[in-house]
Every structure is written in structure tokens, then in C-alpha cells.
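Heads up: the structure comes next, in C-alpha cells.
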Amino acid sequence: MAIVNESNILSILYTMNPWWQTGAVPKTQIKSFKRNGYYTCKKALESDLRRIVVMSGARRTGKTTIMYQIISELLEQGVKPQNILFFTFDHPVIRMKGLEKLINIYRNNISSEEKFWLFIDEVQFDKNWTHYLKMVYDMNPLMQAVATGSASAVVEDNVRESGAGRWTVIKIPTLSFYEYCHIKGVALDIDIDNVFKMHELSKQEQTHIIYGLKSLQVHMMRYLQMGGFPELVNAEDIVYAQKLLREDVMERAIKHDLPAIYEIRSVDELEKVFLYLCFNSSSIINLEAMSKEFTGVTRPTIEKYITYLENANLINISKQLNISGKKVLKSKNKIYVSDSGIRSAVVLGADIYTNDTELGYSLETAVYKHVKDYYLAQNSLYEVGYTRDGKGAEVDVVVQYAGQPIQYVETKMKNNSSISDEDGIVVYGMKDTPGYVITKNENDYGLFDRENTHLYRIPAFAFLYLIGKGKNI
């Protein structure tokens, strides 16, 4: 008997859609906390401008949970359970059948009503998904569709190639520190929505905010160690949780997902490149040095692997930005692991509690992620990178957008770390828009002058919490 027959497909679909029989989504599938992506997705579905909503992001960031939360709300609103179809291409039999035939089986056997909702998980594993989904979209004017994909660039490139006017793409990154605190049950009510306006507050107001957030320091350290994966927030066994995360990244994303999408010559080579980037997160990457590190792996192959890892949301590439009036070195990229928890899980022995250097790597990784997520959620045209002049003066994170003041951010994780006149944040700094210096100590905060610039120092726990809060407004 054929494995992929209609009877088997229906059996799998009934398992994936328990509400067809119970009328409700299992409570284990719908978490109480709703991420910002939930509200963004819900708003897109409710808009008068009908679109197929596509959520992209790494594995384990909560994309599937958001779909279950939306399905649960639809059922509570009285939508007929059989008019909601969910399936995932993570299932090998579902993948073998393909999107077009799956929908035909559903329409012939479960519901043929004009208005129905379609939820597809890990859509990138169907190579023709945009073609068939666009066709279903056009033939069913009352249908609403949501899809998720773990390979962002693959998903977004396919959407662009299929034509504008049908798609809304929503990025779902790992949890911000603010979201982590909410799930942990330690979130605090602080009355400021834009962390980059802290310098405009009175000294008394600044003190009230910083001291009001002091209790979050211990949680920030655990966040840097565990990262922003919702399933691991309340894990008690840190060693076991990191083992699960390591297996999920290495076994699922690198050894399974990427080879299923791309033609990869050697999975072992890809894994070695990723490990190298984990150990060197927040560093400028020298591709020639990497090619010498891995015998027989050429520079073009390494560049290709780095692109694949970025597409899988495992790393972030920070480009060197050319700031007007400053002479820059030949442009090179910095690489960040996409989440500090991934680095902690992979780089065994990276003790952020006793080693300031390791804390600096993890903190800069988290700061870059938060700044990038914050600005790109507002406008995808923001450029978030770093800058470095010909004399070596460097700023960790730079944000620029045509017509807007440039925002500089620098991390300083050593006790009583000083800032010299040669530091990049002083060299590049401006009076009107203070550069923000992320500090280690809770008492190290406030506005101060240096040469021709203003700088604002703010403790890391306060910065990460407040910038995450601003993204969720």
C-alpha cells in the first residue's frame, strides 16, 4: 500500500487539527503570554487589505505558538472548527504530498465552504509553495492564510519573486529581554517607551528608573546564558536545556533543514564554519583566515555557508557602514550569533559570570540583536551595522536612516571601564544625539560630555529591558 494515500493524509490532518473533533486548541499549545508578533499578525489578518501573512524566524522562536493562539481566538469567536486547516511540512508524509494536493484533500473531505483559514508551518520545505498558495489565494477570495518559515531569506525571496500585493512578511526574532521577563513573571511597570530618550529625563527620573529595574540584573545574566527561546525560559536544569538547544541547532537546523533546502557539499564543513562563528561572535570576520583554518574549504564556499547560516536565522551579519566625513578601512562584516543563548550552548566553558571578556561577547551579541529588532520593526529601511575608521576607531552598533540623526551604541562590560578620546563613540559622536554606552554596574549611568560629543551611560539590564519594552508598544 502506498504511504502517501488519501486515507493516511486524512489521518495525519485529523491529528494535526484536534479542534475538528474537540472544538478547541489543546491548552498545551497556547501559551498565556502573547508576543508582539501575535498582535502584528492578527492586525494583518483583520486588515481590509487582504494579504497572505508569512512569519519568518529561527526554529523555536514561537511562530507555531502564534498560529495556535490565533486559531484559538477564531474558535472562541465562533468560527466553525472544520473551516480551520493547520499542517506542517516538518512531517515527511505531508512534505511528500505537497501543498496543492493537501488542500484538495481538505476541500474534498473536510470543508468546501468559501470562507476558511489556512495555517501552514515550515512552508519553505515545499519548493513550489508560493505558486500554489498564490493560486489558492486567487481562487478563494474569502480565504485567509498564515504561513511560517525558518529560512527567512528563502521565504522572503520567494515572496518577492511571486509578485507584490499578496504578501505581508513578519519577522519573529528570539525573545527580547523584556519578553523574557514577562514569561518569567518578573516584568516591571516602568513609564518610558523609548530608551534613547533617557538622557532627556531629569536626574531624579533616571535614578527612579534605574533603581526600579535593579532586581532584573540576575535575570539578565540568566537571559544571556539561556537566550530568548520561549520553551527554555522556565527550565530549571540549565545544562540539560543547553543540550536541547545545541541539538536543535546542530541536528535540526544545520544537519537537517539547510541540507533540505540547499545543495551543501559537506554538512561537516558547514558545522565547523558555524562553530568558528560562535567562538568569534561580535568579531570582524577575516574570510582568508577562515579558509586557512579549514583545510580544503575555499573562501567562496565559506561565504556561501555564511549566507546559508544567516538565512536560517542562526547568525546576524553586521555590515560596516560608511559614515560621511570619516575615512574607513576596506569594508568587512562583523558576525553575531543570532541569540546569546546559542553561543552559550555551543561555546562550552564560556562563563559570563566570572569572565568579563565572555560577558562582553554575550552582551554585545544581545545589544546588537535588540537594537536591530527595535529599529527594523519600525522601518525595514533602517541600516544597523558598525563603523570603523582608518585609525581603528570603532563603534559597536550604528543605526542610520536618510534624514535621521545617527545613533551610536557601544558596550563596556569591564568594571569602571573608561572611555578615551580615541574611542570610536567619541570620534564619531555628536552633541545633538548622544551616543549610548552600555555599562556593567548599576550605578554607572547618566549624561556626560567628552570632547565635542555627549555620551549617555546606562546599565545593560536597564537598556535591554527598556529597548525591548519599546519594541512591544
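The values are calculated or read from the model by the stated rules, or taken from the named source; none is laboratory data. The model shown is predicted, which means the values in this text are computed figures rather than measured ones. Neighbour counts run over all protein chains shown; Cβ positions are idealised from the backbone, glycine included. These area figures cover heavy atoms from the full protein model, side chains too; ligands, DNA and RNA do not enter into them. Shrake-Rupley method; radii C 1.70, N 1.55, O 1.52, S 1.80 Å.
Work out how far the C-alpha atoms of segment 218-320 reach from end to end along every principal axis, then list the three figures in whole Å, largest first.
Extents along the principal axes: 42, 31, 22 Å.
P(r) for segment 15-69: what percent of alpha-carbon pairs falls in each 10 Å bin, starting at zero?
P(r) over segment 15-69, rounded to whole percents: 21, 45, 33, 2.
Would you list which lysines come within 22 Å of Lys197, measuring only between C-alpha atoms, while excluding same-chain residues fewer than 8 positions from it?
Partners within reach: Lys214, Lys369, Lys372, Lys412, Lys431, Lys440, Lys469, Lys471.
Report, to the nearest 10°, how far helix 6-16 tilts away from the longest principal axis of the Cα atoms in the chain, using its own Cα long axis and a range of 0 to 90°.
40
Ignoring ligands, DNA and RNA, what percent of the 1.4 Å accessible area of the chain is carbon and sulfur?
Values: 10170 of 21050 Å².
After summing per-atom areas, the C and S share lands at 48 percent.
Students often forget the sequence filter, so: which aspartates and glutamates lie under 12 Å Cα-Cα from Lys42 once same-chain residues fewer than 8 apart are removed?
Glu73
To one decimal place, what Kirkwood hydrodynamic radius in Å is obtained for the chain from all pairs of distinct Cα atoms?
Details: mean 1/r = 0.0420 Å⁻¹.
With all distinct Cα pairs of the chain included, I get 23.8 Å.
Contact order normalised by length for segment 177-291, with contacts defined as Cα pairs under 8 Å and 6 or more residues apart; what percent is it?
22
Pairs Lys101/Lys319; Lys97/Lys184; Lys31/Lys80: which are spaced more than 32 Å apart, C-alpha to C-alpha?
As for pairs spanning more than 32 Å Cα to Cα, those are Lys101/Lys319; Lys97/Lys184.
In whole Hz, what ³J(HN,Hα) sequence does segment 297-308 give by Karplus (6.51, -1.76, 1.60; θ = phi - 60°), x for Gly and Pro?
9, 7, 4, x, 5, 4, 4, 5, 5, 4, 4, 4
Among the aspartates and glutamates, which fall within straight-line cross-link reach of Lys255, defined as a Cα-Cα distance under 17 Å, with same-chain neighbours fewer than 8 residues apart omitted?
Hits, sequence-local ones excluded: Asp90, Glu122, Glu247, Glu263, Asp268, Glu269, Glu271, Glu310.
For a Förster distance of 25 Å, can you work out the FRET efficiency between the beta-carbons of Asn286 and Arg51, rounded to the nearest 0.05?
Using R0 = 25 Å, I get an efficiency of 0.05.
Relative to the longest principal Cα axis of the chain, at what angle does helix 99-109 sit, 0 to 90 degrees, rounded to 10?
Here the helix axis deviates by roughly 50 degrees.
Run through all the Cα pairs of segment 67-158 and give the fraction in each 5 Å bin from 0, expressed as whole percent.
Computed distribution, short to long bins: 3, 13, 25, 25, 20, 11, 3, 0.
Could you give each residue of segment 343-350 its phi-based ³J(HN,Hα) in whole Hz, using Karplus coefficients 6.51, -1.76, 1.60 with θ = phi - 60°, and x for Gly or Pro?
4, 4, 6, 8, 8, 5, x, 7
So how far, in whole Å, is the C-alpha centre of segment 173-225 from the one of segment 1-51?
Measuring centre to centre over Cα atoms gives 34 Å.
Roughly what percent of Cα-Cα pairs across segment 187-262 reach past 22 Å?
I get 50 percent for the Cα pairs in segment 187-262 exceeding 22 Å.
List the pair-distance distribution P(r) of segment 7-145, using every Cα-Cα distance, as the percent of pairs falling in each 5 Å bin from 0 up to the bin containing the longest distance, rounded to whole percents.
For segment 7-145, the binned pair fractions read 2, 9, 20, 24, 24, 15, 5, 0 percent.
Where the Cα atoms of segment 189-228 are projected onto their three principal axes, how long is each span, largest first, in whole Å?
Its Cα atoms span 34, 17, 16 Å along the three principal axes.
With a Cα-only, solvent-free Debye model of segment 305-408, what are the log10 I(q)/I(0) values at q = 0.13, 0.18, 0.24, 0.25 Å⁻¹?
The computed values of log10 I(q)/I(0) come out as -0.53, -0.96, -1.33, -1.37.
Amide H of Thr88 versus every other amide H placed in the peptide plane: which residues, excluding those fewer than 5 positions away on the same chain, fall under 5 Å?
Here the answer is Asp121, since their amide H atoms fall under 5 Å of that of Thr88.
Relative to the longest principal axis of the chain, what angle (0 to 90°, nearest 10) does the C-alpha long axis of helix 203-212 take?
50
Can you work out the accessible area per residue across the chain, with the rest of the protein chains kept in place, probe 1.4 Å, in square angstrom?
45
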